[in-house]
Amino acid sequence: MSLELARRIAERMRWQPELVDFARANLARWSQQNHSAPSLLRCYAEWQQILSRPVAEICTLLCTESDNAQRLRQNSPFAGVLSPTEVWEVKARFRHAPATA
């Protein structure tokens with residue numbers, strides 16, 4: 001499910017590159033809110049480095065099916081890019097999808 005959400009964000013970011021600034025603002029706010037959580041701060045710092053790359057590279061990383069990309073998506077700074085309706089649509093689709101072996 002996080003991969004599908006990331007794909008939608010990447011698609012939007014391709015024509016709205018200012019979403020990188022939105023993600024940076026999230027990271028700045030979260031860093032202040034979680035200043036005493038070293039593991040989160042390390043994750044935020046990793047995302048800050050990623051967000052300094054070209055948009056095409058960020059989009060590729062978001063859509064990659066590797067373990068590392070999966071780990072990064074768990075703390076994606078793009079929270080709030082998709083509307084609640086879009087998020088619920090994806091969640092509902094996955095909730096009703098048949099389980100695969």
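The values are calculated or read from the model by the stated rules, or taken from the named source; none is laboratory data. What you see is a predicted model; the values in this text were computed from it and never measured. Backbone-built Cβ (ideal geometry, glycine too); neighbour counts: all protein chains shown.
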Legend entry - Those residues of the range 1-52 which are closer than 15 Å to F78 by Cα, free of Cβ contacts under 8 Å to residues at least 24 places away in the same chain and of a type in the set (K, R), in sequence order: R29
Inset, instruction - Identify all residues within the range 68-83 that are of a type in the set (S, T, Y) and either within 13 Å of A10 (Cβ to Cβ) or at pLDDT 95 or above (or both); write none if there are none. - result: S76
Inset, instruction - Can you run down the residue pairs with Cβ atoms below 8 Å, 6 or more apart or on separate chains, where the first is in the range 75-96 and in contact (Cβ under 8 Å) with a residue 40 or more places away in the chain and aromatic (F, W, Y) and the partner is surrounded by 13 or more Cβ atoms within 10 Å (Cβ to Cβ) and part of a loop (DSSP other than H, G, I, E, B)? - result: F94/M1
Inset, instruction - Among the residues of the range 5-15, write down those that are within 15 Å of the chain's Cα centre (by Cα) and of a type outside the set (K, R). - result: L5, A6, I9, A10, E11, M13
Legend entry - Residues that are of a type in the set (S, T, Y) and within 16 Å of R7 (Cα to Cα), drawn from the range 20-70: T60, T64, S66
Inset, instruction - Scan the range 45-67 residue by residue and report those that are farther than 22 Å from R14 by Cα and surrounded by fewer than 10 Cβ atoms within 10 Å (Cβ to Cβ). - result: D67
Legend entry - Candidates A69, A56, A23, A79, filtered to the one that is more than 14 Å from the chain's Cα centre (by Cα) and of a type in the set (G, A, S): A56
Inset, instruction - Find the residue count for the range 82-101, including only residues that are surrounded by 15 or more Cβ atoms within 10 Å (Cβ to Cβ) and not in a helix (DSSP H, G or I). - result: 1
